Amino acid sequence: MLKAILFDLGDTLFDFEPMNRAEVFETAGRKTYDFLASMGHSLPPFRRYYKSQVWTVRWAYLLSVLKRREFNAFDLLAKVCARMRLQLDDATLRELAWQWYSPLTTHTEVAADVIPSLTTLRDRGLKLALVSNTFIPGFVLDKHLSMHDLLEFFPIRVYSSEIGVCKPHPRIFEEALRQADVKAADALFVGDIVRKDIVGAQRVGMRAAHYAFAGAAPSPVADFVVKDLAELPRLLTDM
């Protein structure tokens, strides 16, 4: 009996528009720079400040790939500020993290069928959870979810930045199942990346639905394929 549905976040619930990532990252750097300057902090020239951020993230990403461990951008921001001898309390660091992420929110959409579909699933008594690969701090993503009225649907949110490993590692799926208090056989995972979402979920014993949006080729290894989330309630009727 199906008791829970676990969702991927990026390109499943959030649709990220095409963007120039370098421009978005520089905008983020400028926002954090201006935020710190507005508080009266003495800062290096912007280009030096920005390059320090870029290389810090690049090295952290490279190490995460080599070690197969996720990093948390909140820790990186704290290190960058410490190198500049900026003494910031936790509340200020958290706001800085939001300022750094916020440019991405202007490139994010939520499809019209998402909230009605989640409402139907929740009303049927299903537990809903998020499992996301991300180096963004969880509290930042929570705020973004709130902006789109999605946070209330997901009392269980497992972010790789918080747990230290990424999909398809079994531990990130198992942690979500533990928090939901359901067995893998009683859960369905919905995601768009076959190796990380579909195969990863199946390896821990879940069934998996491939979200083949925008003309993506359906996965032959998925238990189910949906082209929009509105298909999920109908799919569950046939399960």
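Observations on the structure shown:
- Taking every DSSP beta bridge that has both ends in the chain, the antiparallel portion is near 10%.
- A simple rule links phi to the HN-Hα coupling: the Karplus curve 6.51 cos²θ - 1.76 cosθ + 1.60 with θ = phi - 60°, which for the stretch 94-107 gives 5, 5, 4, 4, 5, 4, 5, 7, 4, x, 5, 5, 6, 10 Hz, with x for Gly and Pro.
- Structure-based [θ]222 nm, the chain - -39500 (n - 2.57) summed over DSSP H runs of at least 4, per residue, nearest 500: -14000 deg cm²/dmol
- Within the stretch 98-228, DSSP assigns beta bridges of which about 0% are antiparallel (rounded to the nearest 5).
- Candidate lysines for bridging to Lys67, where Cα separation is under 18 Å - those fewer than 8 sequence places away on the same chain excluded: Lys167, Lys196
- Neighbour cut-off at most 15 other Cβ (10 Å), DSSP loop, chymotrypsin sites (Phe, Trp or Tyr not before Pro), the stretch 185-216: Phe213
- The stretch 14-154, Rg to Rh (Cα coordinates; Rh as Kirkwood inverse mean 1/r): 1.02
- Gyration tensor (alpha-carbon) shape descriptor, the stretch 104-239, a/c threshold 1.5: rounded
- Loop exposure criterion: trypsin sites (Lys or Arg not before Pro), DSSP state outside H, G, I, E and B, at most 14 other Cβ atoms within 10 Å. Applied to the chain, the longest stretch between such sites is 1-67.
- For the stretch 10-22, 3J(HN,Hα) computed residue by residue from phi via the Karplus equation (6.51, -1.76, 1.60; θ = phi - 60°) reads x, 6, 10, 9, 8, 9, 8, 6, x, 8, 8, 4, 5 Hz, glycine and proline entered as x.
- Pairs from the list Lys31/Lys79; Lys31/Lys51; Lys79/Lys143 with a Cα-Cα gap above 21 Å: Lys79/Lys143.
- Computed over the chain: relative contact order in percent, which uses C-alpha pairs under 8 Å that are six or more apart: 25
- The stretch 124-239: relative contact order as a whole-number percent, Cα under 8 Å and 6+ apart: 18
- In Hz, Karplus ³J(HN,Hα) per residue of the stretch 179-186 (6.51, -1.76, 1.60; θ = phi - 60°; x = Gly, Pro): 5, 7, 6, 10, 7, 4, 5, 9
- Cα-based reach from Lys3 at 20 Å (exclusive), listing aspartates and glutamates while leaving out same-chain residues under 8 positions away: Asp123, Glu152, Glu174, Glu175, Asp181, Asp186, Asp197, Asp223, Glu231, Asp238
- Amide H contacts under 5 Å for Phe189: Leu6, Arg207, Ala208, Ala209, restricted to partners 5 or more places along the chain or on a different chain, H placed in the peptide plane at 1.01 Å from N.
Every number in this text was worked out from the coordinates using simple rules, so none of it is lab data. Here the structure is a predicted model, which means the values were calculated and not measured. When we count neighbours, we look across all protein chains shown, and the Cβ atoms used for this are built from the backbone with ideal geometry, even at glycine.
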